[in-house]
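Novice: Sharing a structure, written as C-alpha coordinates. Questions coming.
The values are calculated or read from the model by the stated rules, or taken from the named source; none is laboratory data. As the structure is a computational prediction, the values presented were derived from the model and not from experiment. Here the Cβ is made from the backbone with ideal geometry for all residues, glycine too, and neighbour counts use every protein chain on show.
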Amino acid sequence: MSANDEHYLEKPQAMHFEFISEQMYRFEVIKSGQHFLFSCQRGQEKLLLEELSRHANDQYCVLDWFDVAIFSHQMGERLARQLEKLFDCE
(Lines give C-alpha, C1' and ligand atoms only; values in the text may rest on other atoms or scores of the structure.)
Protein backbone atom coordinates (compact mmCIF):
# COMPACT_ATOMS: atom_id res chain seq x y z
CA MET A 1 0.00 0.00 0.00
CA SER A 2 1.47 3.35 -1.00
CA ALA A 3 1.26 6.55 1.05
CA ASN A 4 -1.37 7.85 -1.35
CA ASP A 5 -3.52 4.75 -0.81
CA GLU A 6 -3.61 5.50 2.91
CA HIS A 7 -5.33 8.81 2.19
CA TYR A 8 -8.24 6.95 0.64
CA LEU A 9 -8.78 5.19 3.97
CA GLU A 10 -8.80 8.40 5.96
CA LYS A 11 -12.01 10.35 6.45
CA PRO A 12 -11.94 14.14 6.58
CA GLN A 13 -12.00 15.62 10.09
CA ALA A 14 -14.39 18.29 8.80
CA MET A 15 -16.23 18.96 5.56
CA HIS A 16 -18.60 21.88 5.11
CA PHE A 17 -20.46 23.32 2.12
CA GLU A 18 -22.30 26.61 2.40
CA PHE A 19 -23.65 29.58 0.52
CA ILE A 20 -21.75 32.63 1.74
CA SER A 21 -23.92 35.01 -0.28
CA GLU A 22 -26.62 34.86 -2.92
CA GLN A 23 -23.92 34.40 -5.56
CA MET A 24 -21.06 32.62 -3.74
CA TYR A 25 -20.45 29.06 -2.50
CA ARG A 26 -17.74 27.89 -0.15
CA PHE A 27 -16.50 24.35 0.40
CA GLU A 28 -14.14 23.63 3.28
CA VAL A 29 -12.30 20.39 4.06
CA ILE A 30 -9.91 19.52 6.86
CA LYS A 31 -8.11 16.24 6.27
CA SER A 32 -4.78 14.87 7.50
CA GLY A 33 -4.09 18.16 9.24
CA GLN A 34 -4.46 20.11 6.00
CA HIS A 35 -7.10 22.80 5.53
CA PHE A 36 -8.62 23.36 2.09
CA LEU A 37 -10.98 26.22 1.27
CA PHE A 38 -12.60 26.51 -2.16
CA SER A 39 -15.14 29.07 -3.33
CA CYS A 40 -16.91 29.91 -6.54
CA GLN A 41 -19.64 32.11 -7.93
CA ARG A 42 -23.03 30.72 -8.81
CA GLY A 43 -22.88 29.31 -12.32
CA GLN A 44 -19.19 28.40 -11.94
CA GLU A 45 -19.79 25.07 -10.16
CA LYS A 46 -18.21 23.14 -13.03
CA LEU A 47 -14.94 25.05 -12.55
CA LEU A 48 -14.96 24.25 -8.85
CA LEU A 49 -15.52 20.56 -9.55
CA GLU A 50 -12.64 20.65 -12.05
CA GLU A 51 -10.38 22.21 -9.41
CA LEU A 52 -11.34 19.58 -6.86
CA SER A 53 -10.72 16.88 -9.48
CA ARG A 54 -7.21 18.22 -10.10
CA HIS A 55 -6.50 17.89 -6.39
CA ALA A 56 -7.95 14.37 -6.30
CA ASN A 57 -5.66 13.38 -9.19
CA ASP A 58 -2.58 14.81 -7.45
CA GLN A 59 -0.75 11.94 -5.75
CA TYR A 60 0.69 14.36 -3.18
CA CYS A 61 -2.68 15.79 -2.15
CA VAL A 62 -4.76 14.16 0.59
CA LEU A 63 -8.04 14.97 -1.16
CA ASP A 64 -9.43 12.02 -3.04
CA TRP A 65 -12.34 11.12 -5.31
CA PHE A 66 -14.55 10.26 -2.36
CA ASP A 67 -14.14 13.84 -1.08
CA VAL A 68 -15.05 15.18 -4.53
CA ALA A 69 -18.12 12.91 -4.63
CA ILE A 70 -19.28 14.15 -1.24
CA PHE A 71 -18.90 17.75 -2.37
CA SER A 72 -20.79 17.08 -5.60
CA HIS A 73 -23.60 15.41 -3.67
CA GLN A 74 -23.84 18.25 -1.13
CA MET A 75 -23.82 20.88 -3.85
CA GLY A 76 -26.56 19.03 -5.77
CA GLU A 77 -28.75 18.83 -2.67
CA ARG A 78 -28.32 22.53 -1.93
CA LEU A 79 -29.07 23.52 -5.51
CA ALA A 80 -32.16 21.28 -5.54
CA ARG A 81 -33.46 22.97 -2.37
CA GLN A 82 -32.90 26.38 -3.95
CA LEU A 83 -34.85 25.33 -7.04
CA GLU A 84 -37.70 24.06 -4.86
CA LYS A 85 -37.84 27.43 -3.10
CA LEU A 86 -37.96 29.23 -6.45
CA PHE A 87 -40.84 27.12 -7.71
CA ASP A 88 -42.73 27.34 -4.41
CA CYS A 89 -42.63 31.13 -4.59
CA GLU A 90 -44.15 31.30 -8.07
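Novice: Quick one: which residue in 54, 78 is of a type in the set (Lys, Arg), touching a residue at least 60 places away in the same chain (Cβ under 8 Å) and closer than 18 Å to residue 29 by Cα?
Specialist: On the way: 54 fails: touching a residue at least 60 places away in the same chain (Cβ under 8 Å).
Answer to the selection: 78.
Novice: In addition: Which number in (1) at pLDDT 85 or above; (2) surrounded by 14 or more Cβ atoms within 10 Å (Cβ to Cβ); (3) outside any strand (DSSP E or B) marks the one condition that residue 36 misses?
Specialist: So residue 36 meets the others, but not (3).
Novice: Looking at segment 1-20 only, could you name the residues that are modelled with pLDDT under 85, under 27 Å from residue 85 (Cβ atoms) and assigned to a loop (DSSP other than H, G, I, E, B)?
Specialist: Within segment 1-20, no residue meets the criteria.
Novice: Tally the residues that are in a helix (DSSP H, G or I) and among the polar types (S, T, N, Q), restricting the search to segment 39-81.
Specialist: 4
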